[in-house]
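The values are calculated or read from the model by the stated rules, or taken from the named source; none is laboratory data. From a predicted model like this one, the values you see are computed outputs, not experimental measurements. So basically every Cβ, Gly included, is an ideal-geometry build from the backbone, and we count neighbours across all protein chains shown. In case anyone asks, the SASA skips ligands and DNA or RNA and just uses the protein heavy atoms, side chains included. Shrake-Rupley method; radii C 1.70, N 1.55, O 1.52, S 1.80 Å.
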Amino acid sequence: MTPNDLKKFLAQLIQHNIQSSVMIWGPPGIGKSSVVKQLSDEHDFEFIDIRLSQLAPTDLRGIPVPENGITHWASPEFLPQKGQGILFLDEINMAPPAMQGVAQQLILDRKVGSYRVPPDWYIWAAGNRKEDRAGVFEMPAPLANRFIHLETTCEINSFKQYALQKELCERIIAFLAFRKDLLHQMMPNEMAWPSPRSWVMAAGLHQAGLPIDSAVGHAAAAEFEAFLSVTEDIPDVDGIVNGKVKPTFPSEVSLRYATTLSLVARSDDATKALHALRWLVNQANPEWVQLFAADAFPLFRAKGFMDDLQQQIMSEPKLKAFLTTYVQLLSS
């Protein structure tokens, strides 16, 4: 499933209070941990991230403490004691078998030693697969059988939604929409290689005026620099969203991606979004209007002005006629 599908599935588990333990599989750097953290924030949950590979069995089970001739286990302070939240066991299969064995009781019975997980906490885990060359251990069958298993993959639309909401560098978003295969490309012999996680780092480097090859590798960085040189002649996007200029839509494909994604990023209210959409409908082929709508409408909905924009669209016959054909974009 895509990261967006994963998020929807996990949200359903929360909605229906399904507290079975969950194991999320997928290659490194695609946002597994980010999806879980986003859900935690959206539901105002506490979030505890535990890396079992950095612990010894006694760190999780607790220290034996004698009391009145009976040994009790003093539970670690990092385990939740009250409230509601997500206990996230990230990179669980990087922990050695002995540590995974101790985690079995926590995952199935929601307790370990003298400690019990509070009733309103979810126990979810994540890890890489063997084929990802991530130095993982085989997950024992008894432990694996204690999970609901979900596998997620890298997918450009999920990344674009995340990147637009986080207001990452719009040129990087446009570049990856243009060169989708460079969103995630593992290179076993390279220290730096492209992934959603490394592109987020690259966005910070680029906005600081620094080269991005240290984050995504030399090959991807070279292609991005070439993309930047081609897209220097991007139309005046700020002028378009403010309704002040009406340039022609570019003919070069990379410029079209850069223009369309920049329009999405700069449309931060209903009026600007309407100007952008009106210009695209008048200037561009339907496929570019669809690309704008598919990326922009979920973002506008998250920002809270989609209903206002929809009312304005329906008041303009040309926009209404066009978008009625793609009504699913308004309701998705």
Report, ordered by the first and then the second residue, all pairs with beta carbons closer than 8 Å, sequence separation of six or more or different chains, a first member in segment 65-85 that is open to solvent by 80 Å² or more (accessible area, probe 1.4 Å), and a second member that is part of a loop (DSSP other than H, G, I, E, B) and of a type in the set (D, E, K, R).
Gln84/Asp120
Which of the helices (runs of 4 or more DSSP H) found entirely inside segment 1-94 contain at least 1 residues meeting this: within 23 Å of the chain's Cα centre (by Cα) and closer than 25 Å to Thr152 by Cα?
3-15, 32-42
Going through Gly204, Gly209 one at a time, which residue ends up being in a loop (DSSP other than H, G, I, E, B) and over 13 Å from Gly29 (Cα atoms)?
Gly209
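Of the residues Arg129, Arg133, Arg61, only one is modelled with pLDDT under 80 and surrounded by fewer than 14 Cβ atoms within 10 Å (Cβ to Cβ); which? First the steps, then the outcome.
Values: Arg129 fails: surrounded by fewer than 14 Cβ atoms within 10 Å (Cβ to Cβ); Arg61 fails: surrounded by fewer than 14 Cβ atoms within 10 Å (Cβ to Cβ).
Going through Arg129, Arg133, Arg61 in turn, just one is modelled with pLDDT under 80 and surrounded by fewer than 14 Cβ atoms within 10 Å (Cβ to Cβ): Arg133.
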Does segment 216-223 include one or more residues that are out of contact with any Ser or Thr (no Cβ under 9 Å at 6 or more places or on another chain) and more than 24 Å from Glu155 (Cα to Cα)?
no
Cβ pairs under 7 Å, 6+ apart, first in segment 261-278 and acidic (Asp, Glu), second part of a helix (DSSP H, G or I) and modelled with pLDDT under 90:
none
Which of (1) surrounded by 13 or more Cβ atoms within 10 Å (Cβ to Cβ); (2) closer than 18 Å to Glu223 by Cα does Asp181 not meet, given it meets every other one?
(1)
For Leu255, are the conditions met, namely being closer than 23 Å to Phe159 by Cα and without any contact (Cβ under 8 Å) to a residue 40 or more places away in the chain?
yes
Is it the case that Pro194 is at negative phi, outside any helix (DSSP H, G or I) and open to solvent by 70 Å² or more (accessible area, probe 1.4 Å)?
no
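Determine whether segment 91-101 contains at least one residue that is among the polar types (S, T, N, Q) and buried (at least 19 other Cβ atoms within 10 Å of the Cβ).
yes
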Is it fair to say Trp199 is of a type in the set (Phe, Trp, Tyr) and part of a helix (DSSP H, G or I)?
yes
Quick one: which of Ile107, Ile173, Ile148, Ile212 is surrounded by fewer than 17 Cβ atoms within 10 Å (Cβ to Cβ) and either in contact with a Phe, Trp or Tyr (Cβ under 9 Å, 6 or more places away or on another chain) or under 17 Å from Pro3 (Cα atoms) (or both)?
Ile148
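Results for (1) surrounded by fewer than 17 Cβ atoms within 10 Å (Cβ to Cβ); (2) touching a residue at least 24 places away in the same chain (Cβ under 8 Å); (3) more than 25 Å from Asn145 (Cα to Cα), shown as yes or no for each residue.
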site: Ala11; (1), (2), (3): yes, yes, no
site: Ile30; (1), (2), (3): no, yes, no
site: Ile50; (1), (2), (3): no, yes, no
site: Gln54; (1), (2), (3): yes, no, no
Being polar (S, T, N, Q) and farther than 20 Å from Lys160 by Cα is the filter here, so list the residues in segment 241-300 that pass it.
Asn242, Thr248, Ser251, Thr271, Asn282, Gln283, Asn285
